[in-house]
Amino acid sequence: MTVRTRFAPSPTGFLHVGGARTALFSWLYAKKHGGQFVLRIEDTDLERSTSESVNAILQGMEWLDLDYDQGPFYQTERFAHYDAAIEKLMEEGLAYRCNCSRERLETLREEQMQKKEKPRYDGHCREKHVAADEPHVIRFRNPESGDVVFRDHIRGDVRFSNSELDDLIIRRTDGSPTYNLTVVIDDADMEITHVIRGDDHLNNTPRQINLLQALDLPVPEYAHLPMILGDDGARLSKRHGAVSVMQYREEGYLPDALLNYLVRLGWSHGDQELFTTEEMIRLFDLKDVNRASSSFNTEKLQWINQQYIKESDLQHLAILLAPHLQERGIDVEVGDHLVAVCEAQRERARTLTELADISRFYYEDFEEFDPRAAKKAFKGEAAGALRAVSAKLAALSEWQRDPLHAAVAETVDALGVGFGKVAMPLRVAVTGGAPSPDLDLTLWLIGRETCLRRIDKAISFIESAA
Ligand code: GLU
């Protein structure tokens, strides 16, 4: 049997964290078993589905590199399949037309609530033979007795009594099929072997199994993933910050880091926190998914992101950083220089946005010197030291780290002062006081023209303050 999993989002919003985790677990399970992963867009709710949302979902999947072997399939293009199934159920007497009015259903509901019963349709139209030309919905004739039992990969044995289920609507008055019907037809047509989805769908599963059985279709295996909560214990929602996974991109998260974080939301492998994609595929198993809900923790996500920034291939990091600098109006290209900036700065950043912010001074003149750094560095003979070192730097034939280092050392010797008396003002002059790597590397990265200009500015600053 080839394992086939699917991700079946409804395009009524962005790809959010919960959806991305469902997609990831389904993707991992398929990859692990050398199977296939299918993307299906459940867009039959015409009022709430939008093409922007479809695009946002596809974009999110692409950013996370969750590639699919088949799809995207769109349910709105598959109405003929649903109609055929509904016809079949009608012919076999397993479905019936119902024309109960809204008022009748409302009264029924109120009565049941008063009797402390679970509100459910009472089968009023089962034997009524409502005519086809009257406005009606079609209901599935759910078995009246017995239990629906299935083994969930995460929750173990799950049992529902048919007496708790009612005859669900499979076609609305406007002729459109409903969720539970479309899902079972698609899962069967797409030969899905494992349905991995959020546990908010657990109550749908017995209905879907009954439908599958009525249609003589194979019942897949199920795994219902526990909820993700926000740090306040409530179900993760917009209130907790990022809505869309693309927002994490804007905020400077690496897609691999987000995947790594998501895989740990409910799944664990010993105490290991960091996983390459290959490790995730190899180690992931549904049986290790936690039964309890997990909490979203931004600090942990930041920590994981920081580890990825520290360990990533530098060229890759430069490619990811470039758009963040460009957004800040810095005209930067991916090349040796940007790679060197990444190498020099990455220890100090948790996100790409932080990395962009702390790297700005390499490209862009700062407004003013950090007052504390300036106070410390620009005192005594600082202006003289800066003049001397500036002359040396200006005269260098090569703007490279070794000659830069030598120029500073020679200035120190010529002035007969300690290294810091030259290095400190020079560093603050060119960086404004921002944390920076070795002095020769800092000078090299900033470039000759900018360094000399900034040194002049520092000298004027010191002299105007004197
Ligand atoms: N379309 C459903 C949703 O977005 C998922 C259906 C399923 O996975 O069975 O919640």
Among the numbered criteria (1) assigned to a helix (DSSP H, G or I); (2) on the phi > 0 side of the Ramachandran plot, which one does ASP65 miss?
(1)
Subset of the stretch 96-121, residues among the charged types (D, E, K, R) and in contact with an Asp or Glu (Cβ under 8 Å, 6 or more places away or on another chain), comes to ARG97, LYS118, ARG120
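Residue by residue through the stretch 190-203, note down the ones that are more than 9 Å from the ligand (Cβ to nearest atom) and of a type outside the set (D, E, K, R).
Correct list: MET190, ILE192, THR193, HIS194, LEU202, ASN203.
May I ask you to verify whether LEU217 is of a type outside the set (D, E, K, R) and surrounded by 18 or more Cβ atoms within 10 Å (Cβ to Cβ)? Please lay out each step first, then the result.
Working: of a type outside the set (D, E, K, R): yes; surrounded by 18 or more Cβ atoms within 10 Å (Cβ to Cβ): no.
Answer is no for this residue.
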When the residues of the stretch 112-170 are filtered to those that are of a type outside the set (S, T, N, Q) and in a helix (DSSP H, G or I), which remaining residue is modelled with the lowest pLDDT?
GLU164
If you check LYS421, LYS379, which single one turns out to be farther than 23 Å from VAL332 by Cα, surrounded by fewer than 21 Cβ atoms within 10 Å (Cβ to Cβ) and at pLDDT below 95?
LYS379
Residue count, the stretch 31-50, condition in contact (Cβ under 8 Å) with a residue 40 or more places away in the chain and more than 13 Å from the ligand (Cβ to nearest atom), comes to 4
Residue list for the stretch 1-14, restricted to those being part of a loop (DSSP other than H, G, I, E, B), more than 9 Å from the ligand (Cβ to nearest atom) and modelled with pLDDT of 95 or more
THR2, VAL3
Selection status of MET90, over 30 Å from SER161 (Cβ atoms), part of a helix (DSSP H, G or I) and not aromatic (Phe, Trp, Tyr):
no
Give me the pairs: first residue in the stretch 1-18 and under 14 Å from ILE41 (Cα atoms), second residue of a type in the set (Phe, Trp, Tyr) and near the ligand (Cβ under 9 Å from one of its atoms), beta-carbon distance under 9 Å, and six or more apart or on different chains, which are they?
SER10/TYR179
Residues in the stretch 68-79: is at least one assigned to a helix (DSSP H, G or I), away from the ligand (no atom under 14 Å from the Cβ) and under 30 Å from HIS129 (Cα atoms)?
yes
Under 7 Å between Cβ atoms, at least 6 apart or on separate chains: pull out the pairs that start in the stretch 242-270 with a residue that is in contact (Cβ under 8 Å) with a residue 60 or more places away in the chain and more than 22 Å from LEU317 (Cα to Cα) and end on any residue that is acidic (Asp, Glu) and not in a loop (DSSP other than H, G, I, E, B).
TRP267/ASP288
Of all the residues that make up the stretch 206-227, how many are within 11 Å of the ligand (Cβ to nearest atom) and within 22 Å of GLY93 (Cα to Cα)?
1
Across the stretch 122-169, what is the total count of residues that are within 39 Å of the chain's Cα centre (by Cα) and closer than 19 Å to ASN203 by Cα?
25
For the subset of the stretch 175-189 comprising residues that are more than 18 Å from LEU94 (Cβ to Cβ) and more than 12 Å from the ligand (Cβ to nearest atom), which member is surrounded by the fewest Cβ atoms within 10 Å (Cβ to Cβ)?
GLY175
Search result, residues across the stretch 171-183 that are in a helix (DSSP H, G or I) and in contact with an Asp or Glu (Cβ under 9 Å, 6 or more places away or on another chain):
TYR179, THR182, VAL183
Selection status of LEU404, more than 30 Å from SER464 (Cα to Cα) and among the aliphatic types (A, V, I, L, M)
no
Exactly one of these conditions fails for ARG249: (1) under 30 Å from GLY156 (Cα atoms); (2) surrounded by 15 or more Cβ atoms within 10 Å (Cβ to Cβ). Give me its number.
(1)
Can you list the helices (runs of 4 or more DSSP H) lying wholly within the stretch 285-401 that have 2 or more residues being under 32 Å from the mean Cα position of the chain (by Cα)?
298-311, 314-327, 336-345, 352-359
Answer with yes or no whether ARG159 is farther than 30 Å from ALA132 by Cβ, among the charged types (D, E, K, R) and away from the ligand (no atom under 13 Å from the Cβ).
yes
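Out of the stretch 271-284, which residues are assigned to a loop (DSSP other than H, G, I, E, B) and free of Cβ contacts under 8 Å to residues at least 24 places away in the same chain?
Pass one, the stretch 271-284, residues assigned to a loop (DSSP other than H, G, I, E, B): 271-276, 284.
ASP271, GLN272, PHE275, THR276, listed by residue number.
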Mind checking which pairs have a first residue in the stretch 194-209 that is within 19 Å of ASP147 (Cβ to Cβ) and a second that is at pLDDT 95 or above and within 7 Å of the ligand (Cβ to nearest atom), Cβ under 7 Å, 6 or more apart or different chains?
GLN208/VAL183
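The values are calculated or read from the model by the stated rules, or taken from the named source; none is laboratory data. In this text, all values refer to a predicted model and were calculated from it rather than measured experimentally. All Cβ positions, even for glycine, are placed from backbone atoms using ideal geometry, and neighbour counts span all protein chains on display.
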